[in-house]
1. Given Cα pairs under 8 Å that are at least 6 residues apart, what percent is the relative contact order of the chain?
2. For Ala78 and Glu110, FRET efficiency with R0 = 22 Å and r from the beta-carbon atoms, rounded to 0.05?
3. Quick one: what are the phi-derived ³J(HN,Hα) couplings along region 127-142, Karplus 6.51/-1.76/1.60 with θ = phi - 60°, whole Hz, x for glycine and proline?
4. Given only helices, namely DSSP H runs of n ≥ 4 each adding -39500 (n - 2.57), what is the per-residue ellipticity at 222 nm of the chain, to the nearest 500 deg cm²/dmol?
5. Step through the residues of region 100-106 one at a time and calculate ³J(HN,Hα) from phi using the Karplus curve (6.51 cos²θ - 1.76 cosθ + 1.60, θ = phi - 60°), rounding each to whole Hz and writing x for Gly and Pro.
6. List the residues, sorted by chain then number, that are 5 or more residues from Gln51 or on another chain and whose placed amide H is less than 5 Å from its amide H.
7. Between region 89-136 and region 1-29, what is the separation of their alpha carbon centroids in Å?
8. Using θ = phi - 60° and the Karplus form 6.51 cos²θ - 1.76 cosθ + 1.60, what ³J(HN,Hα) does each residue of region 91-99 get, whole Hz, x for Gly and Pro?
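What follows is calculated from the coordinates using simple rules that are stated; it is not laboratory data. These numbers were taken from a predicted model, which means no experiment stands behind them. Positions of Cβ are generated from backbone atoms using ideal geometry, with glycine treated the same way; all protein chains shown enter the neighbour counts.
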Amino acid sequence: MTKSILVINGPNLNLLGTREPGIYGEETLSDIEQRMIEKASLLGLSVDFRQSNIEGEIVNWIQEAQDGFSAIIINAGALTHTSVAIMDALLAVNTPTVEVHLSNIFKREEFRHHSYITPAAIGMITGFGAIGYLLAIDAINDVI
Ligand code: DQA
């Protein structure tokens, strides 16, 4: 059976393409999703995408990932730096998770240096722009 990866993007990532392109790049979220579909299919994996600006919705999706998904790729946006609820959900489901950020969060404001996602993730890819999501697929492919 084809293994599926759940890709979750958090607040404001629906605005990629027009949102601070100097920081986040010019590709839209759907451009990135298209590249991920192509990459995943080369590896015999499938990808399923969700985006929300609402923390609780993201928590629900993580809980649901237990049924049917082999791994999670998550860019929680600003919730990265605030959400104990997302961290707890990831710890609860115990599904291999890779954390992605387009920008290098450690080169930015101090409040972005801490992530609640990292303790629940295998690792973090940060600062490589859209390619980070493709690197995350490679990382997951190696683990699952
Ligand atoms: C981000 C970094 C976060 O600090 C920010 O709030 C985002 C995007 C990134 O992909 O670089 O929304 O997760």
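1. Values: 268 pairs, mean separation 39.0, N = 144.
Worked out over the chain, it gives 27 percent.
2. About 0.95, to the nearest 0.05.
3. So the Karplus estimates, Gly and Pro as x, are x, 9, x, 4, 4, x, 5, 6, 4, 5, 5, 4, 4, 5, 4, 6 Hz.
4. That calculation yields -10500 deg cm²/dmol at 222 nm.
5. So the J values, rounded to whole Hz, are 10, 9, 5, 8, 7, 4, 7.
6. Asn9
7. Answer, in whole Å: 13.
8. 5, 5, 7, 6, 9, x, 10, 10, 8
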